Structures are given as C-alpha cells and as structure tokens.
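Undergrad: Sharing a structure here in structure tokens format.
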Amino acid sequence: MSVPLDQRAFRDAIGMFATGVSVIVTQVGSEVHAMTANAVSSVSLDPMLVLFCAAKKAKLARNLHEVKEFSINFLRSDQYALSTYFAGRWQDAVPPPYRLVAFEGALRLEGCLAALACETGRIIDGGDHWVTIGRVVALHQGIPPHKPLLFYGGRYRDIDFSDSRPAPDLSDVVDEPAHVFYGE
C-alpha cells in the first residue's frame, strides 16, 4: 500500500526497521556530551569503520566538529531509562543511575551490552543530520546475558531468543554475489 510522502509517513516506514539502541558519548574539553542514537551502522571491516547520525539541532552536534574520540555504547534490554534520559525525554527530577568509565581515550557507559571506542574520521552533511564516521580503536563486550534493547515501531522492544536461524557467514567472501532479476 502506497502512502503520501511526508515526514511522518517516512518516520513510520523507517520505524519498521528494527534497530538496536545506543548512547554516543564524547568529551570536548571538560564537557561530556551524550545522546541516544539508533542511526548507527558498521561501514567497513578493513579498516574497521562505523557511523552514527546526529541531528544538527542536538546538543552533541553543536561541538561535533571538535570531537576527536567518541564511544558507541549498545544498551541492554534493561537500560531503556538511559535511552530516554540521553534522548532528552526524561521526566523525573533525578536522572537514572549511570556511570561513565575511561575507555581507550574516550568514555563509555559502565554496564552496557557492548561498546566501541572510536577516533573521528569524517563528518558529512546529511540533510538535517551530521553523519559521523569513526575508526574503531577498541571493543568492549559486557557480561552475559547479552540481551539488547531494541527500537521498533516507535517503542522499546526485547528480542525473543526462543526461535533463531543461522545467517550466512560472509566474512571470507572474496567476491560478493550479485543477483540480477529480469522481468516484472
């Protein structure tokens, strides 16, 4: 079913793509900045590159061009309060408990599911967002159970581990396969 092309319809459609939830943490001078992001992606294995997108109106974006290091912290299913807090939507007077710890030149959220320490590579204009590409310099994996916080359809979700199927291992593919389809 085709729907009119507008920002709300676009948000609803892209919201059908389930994502993990992360918190980007950086420090500029003595100020620590953090924001929730689900626009995060791996870019390359060699070199190891990742990206995140920050709205140009976000507080973190004001100093983004001065950022030298940052961390991407993947949240656990029980850390939805941190996602809400770092998204600037926290309603309580007292923030949820969290702690930042040193992590290879950056800071990371203690207790996160996993984290990547990155050096800023490029910042690209992406419409109303900045696309930041970083080179991964360190990895952290939290303790089990590894249950990620998911975002789908505008809501936080949990993953159901009861049913799974293996995905293809493409780590040793020399030439990526191309599938060409002809006709209707």
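Undergrad: Restricting attention to region 81-90, does a residue exist that is of a type in the set (Val, Ile, Thr) and either under 20 Å from residue 158 (Cα atoms) or in contact with a His (Cβ under 6 Å, 6 or more places away or on another chain) (or both)?
TA: yes
Undergrad: Only residues that are under 28 Å from residue 64 (Cβ atoms) and in contact (Cβ under 8 Å) with a residue 40 or more places away in the chain: list them for region 138-184, please.
TA: 142, 148, 149, 150, 151, 152, 154, 156
Undergrad: Please work out which residue is farthest from residue 131 (Cα to Cα), limiting yourself to region 51-63 and to residues that are crowded, with 19+ Cβ neighbours inside 10 Å and touching a residue at least 24 places away in the same chain (Cβ under 8 Å).
TA: 60
Undergrad: Another question, if that's okay. Within region 23-31, is even one residue touching a residue at least 60 places away in the same chain (Cβ under 8 Å) and under 19 Å from residue 159 (Cβ atoms)?
TA: Checking region 23-31: at least one residue is touching a residue at least 60 places away in the same chain (Cβ under 8 Å) and under 19 Å from residue 159 (Cβ atoms).
Undergrad: Let me ask something additional. Answer yes if at least one residue in region 135-145 is within 20 Å of residue 51 (Cβ to Cβ), touching a Phe, Trp or Tyr at 6+ places or on another chain (Cβ under 8 Å) and either of a type outside the set (S, T, N, Q) or at pLDDT below 95 (or both), and no otherwise.
TA: Checking region 135-145: at least one residue is within 20 Å of residue 51 (Cβ to Cβ), touching a Phe, Trp or Tyr at 6+ places or on another chain (Cβ under 8 Å) and either of a type outside the set (S, T, N, Q) or at pLDDT below 95 (or both).
The values are calculated or read from the model by the stated rules, or taken from the named source; none is laboratory data. Since the model is a prediction, treat every value here as computed from it, not as a measurement. Every residue, glycine as well, gets a Cβ built from its backbone with ideal geometry; the counts of neighbours run over all protein chains shown.
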